[in-house]
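The values are calculated or read from the model by the stated rules, or taken from the named source; none is laboratory data. What you are looking at is a predicted structure, and each value in this text was computed from that prediction instead of being measured. A quick note on method: Cβ atoms are made from the backbone with ideal geometry, for glycine too, and the neighbour counts reach across all protein chains shown.
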Amino acid sequence: MKKIAKQIVFYSALLGIWALLAKLHIWPPYLFPPPWGVALALRDGFGDHSFWIGIAVTMKRMLIGYSLSVVLGMMIGLGVASNKFLEETLGGLLVSLQSLPSICWIPLAVLWFGLTEKAILFVVLMGSLLSVTIAMEDGRKQMPKIYGMAGRNLGARGFRLFWSVLLPASLPFILNGMKQGWAFAWRSLIQAEMIFLSLGLGQLLMMGRDLNDMSQVIAVMILIIILGYLVDGLVFRTLEHRLQEKWGLAPA
Amino acid sequence: MSTRPQNAYSPVGPVAARGGVRANVYHGKPASSVTMIPVRPVSEVVVPKVSLDGISLSYKTTSGERLLALDNISLSVQPGEFLCVVGPSGCGKSTLLHLIAGLHPQTSGKVLVDGRAVDGPGTDRLMIFQELGLFPWLTVGQNVEFGMKMKNISKAEREEKTQHYLRLVHLSKFRDSYTHQLSGGMRQRVALARALATEPDVLLMDEPFAALDAQTRDLLHDELERIWGETGRTIIFVTHNVREAVRLGDRVVLMTFRPGRVKQEFPIVLPRPRHIEETDVARTAKEILSCLREEINKSLEAEYADEKNR
């Protein structure tokens with residue numbers, strides 16, 4: 001309760017300062033809109049459905065791109081973790097590739113796929129694949145060996161051993177990496193959308209700039225923050241919580 | 001019950017075992033193990049459930065030298081027998097179980113189950129690990145069900161067997177709990193139920209009760225003896241506790257310290273059910289312990305030598 005009260009005071013103060021600065025007219029409103037201007041932009045955006053469409057398109061790309069990177073990342077990560085040759089070769093390459101910002105893949109994506117949906121998905125994939133892969137690899141290594149042995153001993157083999165034992169056993173260790181992968185994918189997607197300009201929240205952001213509509217720019221920025229926070233705070237936090245409950249781990 | 005006098009332990013004496021297969025005591029069905037059964041000549045013995053034929057295992061240490069962990073171990077276990085393996089820590093007794101379970105290949109020699117060579121894990125031999133390896137993401141019931149699921153047993157049958165084996169270990173009420181919500185002794189029983197539910201012929205138990213307090217351990221000894229009697233499984237039980245071995249086993253095999261060899265075998269013909277506090281158990285244990293002491297001293301010397309070298 002006390003924390004919420006503090007937060008209410010903090011955000012009210014923030015809004016107050018923002019409103020005060022806007023009221024002082026130090027900068028023209030088209031460069032520094034007041035809070036109510038942004039609120040109006042949000043209302044209009046949702047009113048003419050452009051924000052709804054933007055959110056839907058962005059989330060769809062996010063789901064497809066992220067799912068792809070999780071599936072691929074799992075396979076590569078497990079491969080690297082279970083093969084010494086791959087670990088010493090591909091493992092190093094993966095770590096070094098991670099230092100490449102995902103936006104650097106955009107020129108390559110444009111040349112390979114043109115200004116298409118595929119190119120956007122490619123950038124999202126490259127943005128999160130590496131962190132998912134590395135998380136998978138680490139998780140597989142950190143996972144206590146006993147689970148794999150117990151599973152094999154009870155007759156689990158091949159894919160079923162992976163699906164019913166190795167994957168759930170390594171979940172607590174890979175969840176953080178999956179979360180990080182999501183954050184990377186989210187950043188990459190918005191960046192890609194700002195350049196490809198084909199629907200989505202990134203495009204709405206750029207549209208606001210083109211129309212000199214600062215209220216829309218800030219409104220979309222707020223949307224991006226809220227969506228990102230919701231997924232992180234609701235989806236991943238809930239997953240983490242349930243995992244800790246099942247495993248009997250003390251909440252971190 | 002038993003028609004035998006109280007001090008039925010006949011000191012047949014340690015049987016020379018190194019290199020040879022001697023099944024000197026055969027109890028038949030465990031239910032009848034309380035009555036005297038004459039020692040059968042080797043020729044009459046049925047195909048042993050498990051037999052180890054000249055098993056050796058060596059591996060490279062991090063410093064590059066080859067270390068012989070197990071040296072030419074030959075041993076045979078009769079169907080329904082309760083065999084205990086004791087030895088000082090580091091003698092490779094757990095490793096021996098891993099080899100029988102097929103979780104690790106031996107360097108030379110053969111592991112035979114029902115006369116067939118083992119070349120991987122199989123649900124005819126189930127291992128109960130020292131650290132149990134219960135799956136924390138599954139409930140108690142799902143843990144017990146797991147092995148049956150892997151064997152593609154129908155849901156109805158799984159349901160029924162899960163209930164049956166949970167009842168056998170007195171855990172029916174905890175079917176939907178997660179393993180971390182249970183006490184150490186209860187977890188031990190879940191592991192036992194999980195292993196039994198796949199209906200293996202052979203149970204391989206690796207110091208399963210080492211981490212439990214004395215009272216819980218006594219209780220589990222009683223339960224294990226009862227369950228063994230009810231299910232007629234063959235059990236190979238590894239422990240460092242000689243009293244526990246005498247309390248439970250039809251036969252106790254003593255292993256040497258590094259490299260692990262079979263030093264001696266002791267048939268235990270005390271009437272069942274036994275209790276760990278019985279004088280007969282204590283006396284037999286003492287005899288085995290005096291042989292074990294030598295090996296323990298060797299292991300301690302090796303440990304101190306390691307320390308000096310550091």
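Restricting the range B:109-124 to residues that are buried (at least 19 other Cβ atoms within 10 Å of the Cβ) and more than 12 Å from chain A (Cβ to nearest Cβ), the residue that is modelled with the lowest pLDDT is B:118.
Applying a threshold of 6 Å to beta carbon distances and a minimum spacing of six or more residues, or different chains, the list of pairs starting in the range B:272-291 at a residue that is hydroxyl-bearing (Ser, Thr, Tyr) and ending at one that is not in a loop (DSSP other than H, G, I, E, B) reads B:284/B:246. Of all residues in the range B:125-134, those satisfying the criterion of being more than 7 Å from chain A (Cβ to nearest Cβ), crowded, with 18+ Cβ neighbours inside 10 Å and at negative phi are B:125, B:128, B:134.
Out of A:106, A:134, A:174, A:190, I need the residue that is β-branched (Val, Ile, Thr) and modelled with pLDDT under 85. Which one? Can you show your working first?
Details: A:106 fails: modelled with pLDDT under 85; A:134 fails: modelled with pLDDT under 85; A:190 fails: modelled with pLDDT under 85.
Only one candidate passes the filter, namely A:174.
Could you please let me know if residue B:169 is under 27 Å from residue B:218 (Cβ atoms) and at pLDDT below 85? Step through it out loud before you land on a result.
Values: under 27 Å from residue B:218 (Cβ atoms): yes; at pLDDT below 85: yes.
It is true that residue B:169 is under 27 Å from residue B:218 (Cβ atoms) and at pLDDT below 85.
Considering only residues in the range B:141-182 that are of a type in the set (S, T, N, Q) and touching a residue at least 24 places away in the same chain (Cβ under 8 Å), the one that is farthest from the other protein chains (Cβ to nearest Cβ) turns out to be B:162.
Please go through the range B:117-146 and give me each residue that is closer than 21 Å to residue A:157 by Cα and of a type in the set (D, E, K, R), ordered by number. Residues satisfying the conditions are B:119, B:124, B:125, B:145.
Within the range A:146-168, the set of residues being at the interface with chain B (Cβ under 7 Å from one of its Cβ atoms) and closer than 13 Å to residue A:243 by Cβ comprises just one member, A:168.
In this structure, is residue A:129 buried (at least 23 other Cβ atoms within 10 Å of the Cβ) and away from chain B (no Cβ under 11 Å)? In short, yes. Being more than 14 Å from chain A (Cβ to nearest Cβ) and either at pLDDT below 85 or in contact with a Lys or Arg (Cβ under 9 Å, 6 or more places away or on another chain) (or both) is a property that holds for residue B:106. Surrounded by fewer than 20 Cβ atoms within 10 Å (Cβ to Cβ), in contact with a helix residue (DSSP H, G or I) (Cβ under 9 Å, 6 or more places away or on another chain), part of a helix (DSSP H, G or I) and in contact (Cβ under 8 Å) with a residue 12 or more places away in the chain, is that true of residue A:189? The answer is no for residue A:189.
Going by the conditions given, is residue A:131 farther than 10 Å from residue A:188 by Cβ and in contact with a Phe, Trp or Tyr (Cβ under 6 Å, 6 or more places away or on another chain)? Give the derivation first.
On the way: farther than 10 Å from residue A:188 by Cβ: yes; in contact with a Phe, Trp or Tyr (Cβ under 6 Å, 6 or more places away or on another chain): yes.
So residue A:131 fits the description; yes.
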